[in-house]
Every structure is written in structure tokens, then in C-alpha cells.
């Protein structure tokens, strides 16, 4: 290995010039350039792996890495900054990926899939979902409020919640819900689809979302709530 130039050691190299970040930047460029191809899928995995390499070691790191990789490569229905304020979005990234180079700007998000944000009544709906999730959190830490907002906004897509949010699997959605609102998760004893379950919980509250079926077993839409999410 050649010696470092006089007056400069390898440790003093900018973080953005180090191999880990170069891999991240390469995956970002390749993933955006090859959208919808196997190359883009591999780039998504590389981007996610880079984030986890900078992770804080919490159970929520992996699902949030998937969300961010999907957001930055245009593979989710989430809005820019995940519905958070700019400072809240930066805080989310720094909390879960403290090793992300401080000198690097966060990538520009790409929104591709449609969602219901901006439609009449949606803002109030998100607030109701947030309140539901916050009622089931284990601690009052600010981080849980950000997760509740992210998950509430994630309900605004038109497809399966885990796909709209850009998770690698439905299990990752459960992991993030557990980190945000474990008391709510424990009530889903029949493994109901998560978006359906959250709205059913609102049905049982005073939020005004009314399910007309006398019971889940008697509902003609049973398969829509309990069928496999593929």
C-alpha cells in the first residue's frame, strides 16, 4: 500500500471519500439509472447494507434502512422526508445511522407510486392514526413520535402497506410497528393485515371509521383483511 501524502493520513480523508460512502454513492447512482431492473434490485440491497453498516444497532434500523433505500431509489409511495419536517427527517436518519457521514448531504428522494396525500380529510386521518399508535407506545421518547408519523403516512398508499413503504418483507413492517407501538401490535392476535387492523382499531375508537360487518368472520371482505399479502 503506498504511503499517504506528506501531512495527510488515511484517517484524515473526508468520510465521503472513504470506501463505505463510495459504495453507497455508487449504489444510489446505479439504482436510479437502472430503475425496475435486476441491477436496481442489487443496488437497493447494497444501499440498505451500507446504511446498516452505519447503524445504531436498534431493532428498527433494518426496517428504516429499507424505507430509506426505497425512498431514495423511487421504490415507495412515501412522500419526501417521509411526512416529517426537515429536522425530524434528519434526526431519524442520525438516530438510526449515526455512522452516516456528517459531511454528506442526504440523497434527494424520488416519489413514484401514487398515494392519497393531499386529498380531502387525509390530514385528519393521519392524525387519528398517529394518536392510535402513540397510545400504544412503550416510552414517550421523541423517536417514537417520529415512527408513529411515518407509519401513519405509510397507510396512505393504495397497495399493501409493507410494499408501499418499501420494506423488504411484511415482517419488517411488524418490526417497525413493534418498535413504535408494541401495545397496539399485541392486539393483532389473528395476524390481520396491518393497514386493515389499524383502521379496525380506529373503528373501535371514536375516530369515526365505521366497519359495517357484525364480525370479521361474517364479513364478505374477510379475505381482504386476512389473506396473504403478496
Neighbour-count order for 204, 196, 149, fewest beta carbons within 10 angstrom listed first:
204, 196, 149
For the stretch 14-226, what's the relative contact order in percent, using C-alpha pairs closer than 8 Å and at least 6 residues apart?
20 percent
Listing 199, 158 from the residue with the fewest other Cβ atoms within 10 Å to the one with the most, what is the order?
158, 199
Can you give me the Cα centroid spacing of the stretch 53-95 and the stretch 147-186 in angstrom?
13 Å
Gain upon complete extension [residue 190, residue 37; 0.36 nm per residue less C-alpha separation]
51.5 nm
Using mean Cβ contacts within 10 Å as the protection proxy, how do 67-77, 26-36, 175-185 order, highest first?
67-77, 175-185, 26-36
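The numbers here are math on the coordinates, done by the rules we state, and not lab data. Not measured: the values here are computed from a predicted model. So basically every Cβ, Gly included, is an ideal-geometry build from the backbone, and we count neighbours across all protein chains shown.
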